[in-house]
1. Any chance you could count how many residues in region 32-59 are closer than 18 Å to ILE233 by Cβ and of a type outside the set (A, V, I, L, M)?
2. How many residues does region 81-117 contain that are assigned to a helix (DSSP H, G or I), surrounded by fewer than 19 Cβ atoms within 10 Å (Cβ to Cβ) and in contact with a helix residue (DSSP H, G or I) (Cβ under 7 Å, 6 or more places away or on another chain)?
3. Exactly one of these conditions fails for GLY231: (1) surrounded by 19 or more Cβ atoms within 10 Å (Cβ to Cβ); (2) small (Gly, Ala, Ser); (3) closer than 25 Å to LEU28 by Cβ. Give me its number.
4. Applying the selection to region 22-57, what residues are within 21 Å of ASN80 (Cβ to Cβ), part of a loop (DSSP other than H, G, I, E, B) and more than 17 Å from the chain's Cα centre (by Cα)?
5. When you check VAL197 against the structure, is it outside any helix (DSSP H, G or I) and surrounded by 19 or more Cβ atoms within 10 Å (Cβ to Cβ), yes or no?
6. Which of the residues belonging to region 38-88 are within 30 Å of THR245 (Cα to Cα) and small (Gly, Ala, Ser)?
7. Is it the case that LEU19 is closer than 24 Å to SER115 by Cα and either in a helix (DSSP H, G or I) or in contact with a Ser or Thr (Cβ under 6 Å, 6 or more places away or on another chain) (or both)?
Amino acid sequence: MTDLLQGKTILIAGAAGLLGSQLVKDCLWQGASVIAADLDIERIQQRLVSLGINANEYPSLELTTLDITNESDVKKFFANIKALDGAANTTYPRNRTYGAHFFEVSQASFNENLSLHLGSSFLFMQQCAAYFKERQSPFSLVNISSIYGVIAPKFDVYNDTSMSMPVEYAAIKSALIHLTKYSVAYVKNSKFRVNCVSPGGIFDHQPEAFLASYKDNTHGEGMLSVDKVTGSIIFLLSDQSQHVTGQNIVVDDGFSV
């Protein structure tokens, strides 16, 4: 165990997800007390068990429910937290028709997905800022954007698969980078930091044709294992990055170069 986050309490929203659960594990490893939040505590537990983490054996780990798309739920959540040094928003809310190909996306579905994902990200940033404004103790927030918030999609990597690059995803992730800059420019206090991490593709058993094509566009690694993304998030949560704010760190093995 190392101690980059020793003495800090970190909130991880989306803790039942692929990235969120790995981040919970790695923050614990770095000495943090972790509040792991998602819609379903049982799902968080199951995901953590798959990573070798039994929540009952970690007194520094608290599991809780949070619906990041619900304004009253988020406001109540922050009102009841006594001490918090930072947060990472790894949530990925979306509707049932998310991921359709460009010409098959209805305006209503597009708008709903922007509301769910970008809207909830705005709400989370806003409430982190309000929490800081009330307490005036150092706070670091990390948002998760994407390489496709930085560059246009490389659609050829999806050839010979049923996959596509959702237009909603590109719109949301690019806007998230700017919202990150907006929030710190508005608060304008060096104790309140907000940054983004933009991962390349994260391995999650995608089709072989896609994995091979994607790898050809990197410098050799291809899709990243999720643990290769969390280090940059932990850096931004730690005091090692205390003067880094409003920035976007791309972790993609050269895919966007």
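The values are calculated or read from the model by the stated rules, or taken from the named source; none is laboratory data. Remember, it's a predicted structure, so these values are computed and weren't measured experimentally. All Cβ positions, even for glycine, are placed from backbone atoms using ideal geometry, and neighbour counts span all protein chains on display.
1. Here is the first cut: in region 32-59, the residues closer than 18 Å to ILE233 by Cβ are 32-38, 44, 47-48, 51, 53.
Imposing the further condition that a residue be of a type outside the set (A, V, I, L, M) reduces the set to 33, 38, 47.
Matching residues across region 32-59 total 3.
2. Adding up the residues that qualify gives 3.
3. Here GLY231 meets the rest and fails (1).
4. Going through region 22-57, the residues within 21 Å of ASN80 (Cβ to Cβ) turn out to be 24, 27, 32-41, 44, 55.
Now restrict to residues that are part of a loop (DSSP other than H, G, I, E, B): 32, 39-40.
The answer is ALA32, ASP40.
5. Numbers: outside any helix (DSSP H, G or I): yes; surrounded by 19 or more Cβ atoms within 10 Å (Cβ to Cβ): yes.
Here the answer is yes, as VAL197 does meet what is asked.
6. Across region 38-88, the qualifying residues are SER60, SER72, ALA79, ALA83, GLY86, ALA87, ALA88.
7. Working: closer than 24 Å to SER115 by Cα: yes; either in a helix (DSSP H, G or I) or in contact with a Ser or Thr (Cβ under 6 Å, 6 or more places away or on another chain) (or both): yes.
So LEU19 passes the test.
For every residue, the table says whether it meets (1) farther than 30 Å from GLU208 by Cα; (2) at pLDDT below 95; (3) among the hydroxyl-bearing types (Ser, Thr, Tyr); (4) not in a helix (DSSP H, G or I).
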residue	(1), (2), (3), (4)
PHE132	yes, no, no, no
VAL142	yes, no, no, yes
ALA171	no, no, no, no
TYR182	yes, no, yes, no
